[in-house]
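Working notes for the structure below.
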Amino acid sequence: MKRFLLKTWIINISICNYLEIPFSMSNIKYQLSHIFKHKCAVWEFTLKCNSKCIHCGSSAGKPRLNELNTEEALTLVKDLNSCGYDGIALMGGEPFLRDDWYEVAQEIKKNQMKLTLVSNGLDIISQIQKLKSLQTDCVSLSLDGGTPKTHDYIRGIKGAFDKVLHVINVLRKEKLPVSVITTVSKINFKELNLIRDLLINKKIAWQIQIALPIGRSSRDLVITREQFYAVAMFIAINLKKYSSKELPLIGAHCFGYFSNLLPELGLDPWIGCQAGRSVLGIQSNGNIKGCLTLPDDFIIGNIRVNNLHNIINSKINSKNFQFFHKNNSENYCSKCIMLKRCRGGCLGTAIAFNSFDNPYCLRAIEKEIFKNNYLPFRWKMNSKILEYKYLFNKILFK
Ligand code: SF4
Ligand code: SF4
């Protein structure tokens, strides 16, 4: 772990250095920086799901008609490895609903890649010994409420809250690495304190992300920009209040960017959307996208038709850059002094909100809330956490 942190630190320094240089040169350095980055494929292993989450961005439930079979899945693992991916996250739907998940997971480990399973936790107790034998690198579970009422309502399953907490305890007892993902919507954003209290001092990594208006999730569920800012403050406060041992907390890619007040909320400094770079999205029928958050317009190939290597190398980057340049020339981001570093934030979030004029940006929101570039209370961030909390409460509970 220490080695990893050190490596991250060294890479971050080199990234910071390049950020000050001219645009064309920075592009080259930007490309170079990704050579050092871990590359992870996020694989919708099946669209079949035993949960009915109201915010599901994939509209999961039934499997796709033509999902990859076991043989194709095993070949894909080897191809991802040969393309330089060193981690695979199997998600869904619910990945454990595929009978061959263990066989494919074994192949991932055989290829010495990191293995993450992302699950709703409804039916995995019987799989825990297999997860142990695989030396799974992370089991990631969804926890969307601090109370049974809220979590069960969001997941559409009675008893889901109790089940997921039980699974978390069993996984911890078995010494398997656990992380929790909370998708914040209008329904649960006031329960973040409660969720935190469930996770604290349990060595559980906690990722907070926002519900986007994609798939089954409606625009009505999406938190407002002020609420978004308040959630960012919540993350910042807790990052300051608790050590990473007590509460390993991070904001997902949607939580940025370049705030004048708040610290970095993600794991690494933001260097632009990683779709098709250190991140790859795979649909259960073999479609490839830069990131699963992106809409199907961004499918750039299918492994049944083309070799994965060719798909990755020939199309993703050019398509994303085309989009970036075409859509980013006449909008809010184009006037932002951080554009070269930020590249307009999370592409998936921007498209979900049907605009590249990213409205869910801390820097942009600050400009509106605080009306000028000076933040007279900035010092309070570092010195007076109570003042900071006051601002948070003012926005969240007004
Ligand atoms: S306004 Fe756009 S470019 Fe500037 S920090 Fe926000 S998302 Fe990034
Ligand atoms: S689209 Fe968003 S979530 Fe996907 S890689 Fe880009 S920044 Fe990350």
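The values are calculated or read from the model by the stated rules, or taken from the named source; none is laboratory data. Everything quoted here is computed from the prediction, not taken from an experiment. All Cβ positions, glycine included, derive from the backbone under ideal geometry; neighbour counts span all protein chains shown.
Quick notes on this one:
- Taken over the range 131-188, the criterion of being hydroxyl-bearing (Ser, Thr, Tyr), in a helix (DSSP H, G or I) and over 26 Å from Val231 (Cα atoms) is satisfied by Ser133 alone.
- Tallying residues that are assigned to a loop (DSSP other than H, G, I, E, B) and at pLDDT 95 or above within the range 270-291 yields 4.
- Entry remark, the range 60-100: residues being of a type in the set (Phe, Trp, Tyr) and either more than 24 Å from Ser278 (Cα to Cα) or out of contact with any strand residue (DSSP E or B) (no Cβ under 8 Å at 6 or more places or on another chain) (or both) number 1 in total.
- If the condition is being within 15 Å of ligand 2 (Cβ to nearest atom), hydrophobic (A, V, I, L, M, F, W, C) and modelled with pLDDT under 85, then the range 354-385 contributes only Phe356.
- Gln209 meets the conditions (1) surrounded by fewer than 22 Cβ atoms within 10 Å (Cβ to Cβ); (2) part of a loop (DSSP other than H, G, I, E, B); (3) under 20 Å from the mean Cα position of the chain (by Cα) in every case but one. The failed one is (2).
- Candidates Gly272, Gly266, Gly290: the one that is under 26 Å from Lys202 (Cα atoms) and either in contact (Cβ under 8 Å) with a residue 40 or more places away in the chain or within 16 Å of ligand 1 (Cβ to nearest atom) (or both) is Gly266.
- Every listed requirement among (1) closer than 17 Å to Leu143 by Cα; (2) in a helix (DSSP H, G or I); (3) touching a strand residue (DSSP E or B) at 6+ places or on another chain (Cβ under 9 Å) is met by Asp197 save one, (3).
- Set Leu221, Leu267: member being at pLDDT below 90 and within 25 Å of Cys56 (Cα to Cα): Leu267
- Set side by side, the residues Ile282, Ile235 differ, and just one is more than 16 Å from ligand 1 (Cβ to nearest atom) and touching a Gly at 6+ places or on another chain (Cβ under 6 Å), which is Ile235.
- Residue pairs whose Cβ atoms lie under 8 Å apart, sitting 6 or more positions apart in sequence or on different chains, and linking a residue in the range 49-78 that is closer than 30 Å to Asn188 by Cα to a partner that is acidic (Asp, Glu) and outside any loop (DSSP other than H, G, I, E, B), are Ser58/Glu44.
- Filter pass, Leu247 being within 16 Å of ligand 1 (Cβ to nearest atom) and surrounded by 17 or more Cβ atoms within 10 Å (Cβ to Cβ): no
- Only listed residue being in contact with a Pro (Cβ under 9 Å, 6 or more places away or on another chain) and surrounded by fewer than 20 Cβ atoms within 10 Å (Cβ to Cβ), chosen from Leu194, Leu239: Leu239
- Per-region count, the range 46-73, residues hydrophobic (A, V, I, L, M, F, W, C) and under 29 Å from Asn111 (Cβ atoms): 6
- Of the residues screened, Lys245 is one that is away from ligand 2 (no atom under 16 Å from the Cβ), among the basic types (Lys, Arg), over 18 Å from the mean Cα position of the chain (by Cα) and at pLDDT 90 or above.
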